[in-house]
Each structure stands twice: as C-alpha cells, then as structure tokens.
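The values are calculated or read from the model by the stated rules, or taken from the named source; none is laboratory data. For clarity, every value in this text was computed on a predicted model and none was experimentally measured. Cβ placement follows ideal geometry from the backbone for every residue including glycine, while neighbour counts extend to all protein chains displayed.
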Amino acid sequence: MRDTQKPRLLILVGPTGSGKTRTAIELAKKLDGEIISADSRYLYQELTIGTAKPSEAELAEAPHHLVNVTTLDRPWNLGLYLKEADRLIRVINTAGHLPIMAGGTGQYVRSIVQNWSVPEQHPVDELRDGLYAWGDEIGFETLHQKLGLLDAEAASKIDWRNKRRTIRALEVIFLTGRRFSELRTQAESEYDTLTLGIRWPRELLYQRIDQRIDQMLNDGLVEEVSHLKQLGLEESMKTLGAIGYTEISDYLDGQFDLEEAVRRIKHNTRVYVRRQANWFKPMDPSIHWFNATDPAMLVNMLDLVQSWLQA
C-alpha cells in the first residue's frame, strides 16, 4: 500500500541516447516539475559535448539540479550524491513542485529507490595509491577483471573504464574483508515513487547513438578533450571513465587515428547500453515502460502520472 505522506518522486530512466533529456523537460513543463539529474557525468562543469549535457537553452526550459555542480578535480562519490539528491527531493516537494529524477546512471537511481546505505569506509591513501599503481602496471581492464574474481556482482555494474569506482570497490574489499556489494544495504524507500522508462528497438537505438556521436564530433568533441588536456585534467578525465573522452585523448596522443577513435566510442557506448540493462531490466515490474516510437508516448506518460498524483 502506498504511503502518500512520503515525498513524491517521479523517475525517468532509459538507455543512453533514448531521449530522456527532452522527455524530462516536457514532463516538467506539464507537471510543474523540477529535474534532478541522475547522470554522473552531468555533475562536472568541464564535460559538456561528450556527455550530451543539456544545452543552455534546454536548461532554461525547466529547473534543473545536479548539473555543473563540481569540477573534475573535486569528484563526487555516491554518498555525496545521495545526500544532495535527498535534500533536493524534500525541498522541491515542500515548494509544491514535483521532483523528476532523470538519467541513465543506474547506481544513482537504484540507490535512491532502494534507500541504499553506502559503506562509510574512509580511504587509506597508501592503499589507494597502490591500487592505482597496480592498475597502471597491469592495465585497468585487467584490474577490473581482478575485481570480478573478488566480487562479480560489483564488477558487473562498474564499467572498467571508470577507474575511480573500480578502485573504490577494491579498496573497501581489502579494508573490510567483505565484498563491496555485500556492504551496500537496502531499506524501505523514503519516497513515494513512480518510475517511467523509455524503450527503443535496439537497432534504432544504436542508429540514434551513432548519429549523436557523429554530432558530438561536429560540435567540437576533439577540441573539448584537447582543452582539458591542456588544462592538465587528462588523468582526472580518464579516471572518471566517461566514454568518448578517453578514446579521443588516446587519439590525440597518437595511439590511433580519429576513425578508430570514433569506432571505439560507438562500440563502447553499445557495451554501456547493455550494462545499463543490468540496472533497468525490461521485465522489472517497478518500471512502466513506454515505446519511444509511439507518437502518443508523452501523452500516455502524463496520463499515468496524473493518475498516480491523484491516487
């Protein structure tokens, strides 16, 4: 039975390239809503083109939160995201508006819905430095495979390019002697939630992704990455593991040509889409899926949301 005394939270999920940004804005305009980003890359001021971050015009169409709130040299962790997202959900509800959490970072969405308690284990600099050095020696893909041997569940939900999360999981394991995934406890949700999902036929989604990546190149992705390297942010950029940035950085370092960099970006994005499906499963009964090819998708979403709000 629903607890309508809890703060309400509308959630919009879907794979990268599915149109969450545009749909969230339209929902916010119709529902007097405010958008809370659930995209880990949108947090960073320096990452714009390669993250398909909402444009200034889009940001002006509806209130947005947790976009451009930190810098690459001051990375956020999950605990900080949870604390700030919780504060925003409550403030927006108090103001009489509807918070709409939209994004494809499954860890962020799931942690909110399932009320995760994140391990409070503080980092040990010597261990962290040693793990980074180990990753540099054997390669971070191999290091991620080592994590998989120790904690398959955690590894399945962490992209190997995300050095920071791989290191964090190993760090907790070595310091506590327990699997990282075991320390993440769940509790009853603190919010009254409704989750909507955008679904595309896989081949059409891949076409959209390819077109978006081509547009990123036209919009200046190479120049953006080059600028970050000039600012001395290459390692911070690579540690975050955002697809597009590492591949273009390696191209600029002469490891391969631009054509190969683009091929890798498109391939790695497809792999990321499949990883997102581990978080947002098509058969998950808590997600109300809508077909993006249906011209009435937005209308049908609004009908469901209105019924939920009035119940």
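Summary table below
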item	result
Options Glu171, Glu137: the member that is crowded, with 17+ Cβ neighbours inside 10 Å, among the charged types (D, E, K, R) and over 19 Å from Val271 (Cβ atoms)	Glu171
Qualifying residues in the range 49-62 (those that are buried (at least 16 other Cβ atoms within 10 Å of the Cβ) and outside any helix (DSSP H, G or I)) - the one farthest from the chain's Cα centre (by Cα)	Ala62
Number of the condition not met by Leu72 [criteria: (1) modelled with pLDDT of 95 or more; (2) surrounded by 15 or more Cβ atoms within 10 Å (Cβ to Cβ); (3) on the phi < 0 side of the Ramachandran plot; (4) aliphatic (A, V, I, L, M)]	(1)
Residues of the range 264-283 that turn out to be among the basic types (Lys, Arg) and closer than 18 Å to Ala52 by Cα, as a count	3
Unmet criterion (only one of (1) assigned to a helix (DSSP H, G or I); (2) in contact with a helix residue (DSSP H, G or I) (Cβ under 8 Å, 6 or more places away or on another chain); (3) among the hydroxyl-bearing types (Ser, Thr, Tyr)) for Ser236	(2)
Any hit, the range 69-76, residues being assigned to a loop (DSSP other than H, G, I, E, B) and within 21 Å of Asp192 (Cα to Cα)	no
Selected residue [under 24 Å from Asn162 (Cβ atoms) and of a type in the set (Gly, Ala, Ser)] from Ala95, Ala52, Ala62, Ala28	Ala52
Residues of the range 208-226 that turn out to be touching a Gly at 6+ places or on another chain (Cβ under 9 Å) and free of Cβ contacts under 8 Å to residues at least 12 places away in the same chain, as a count	1
The range 25-48: number of residues that are surrounded by fewer than 20 Cβ atoms within 10 Å (Cβ to Cβ) and either free of Cβ contacts under 8 Å to residues at least 60 places away in the same chain or in a helix (DSSP H, G or I) (or both)	5
Among the candidates Leu252, Leu258, Leu231, residue that is surrounded by fewer than 19 Cβ atoms within 10 Å (Cβ to Cβ), over 23 Å from Val271 (Cβ atoms) and of a type in the set (A, V, I, L, M, F, W, C)	Leu231
So Leu78, is it among the hydrophobic types (A, V, I, L, M, F, W, C), surrounded by 15 or more Cβ atoms within 10 Å (Cβ to Cβ) and under 22 Å from Gln276 (Cβ atoms)	yes
Members of the range 126-161 found to be in contact with a helix residue (DSSP H, G or I) (Cβ under 7 Å, 6 or more places away or on another chain), assigned to a loop (DSSP other than H, G, I, E, B) and under 19 Å from Ala242 (Cβ atoms), listed by number	Lys157, Ile158, Asp159, Trp160, Arg161
Which numbered condition Asp294 misses (of (1) assigned to a loop (DSSP other than H, G, I, E, B); (2) of a type outside the set (Val, Ile, Thr); (3) farther than 29 Å from Leu27 by Cβ)	(3)
Flag for Ala277 being surrounded by 17 or more Cβ atoms within 10 Å (Cβ to Cβ) and either of a type in the set (A, V, I, L, M, F, W, C) or not in a helix (DSSP H, G or I) (or both)	no
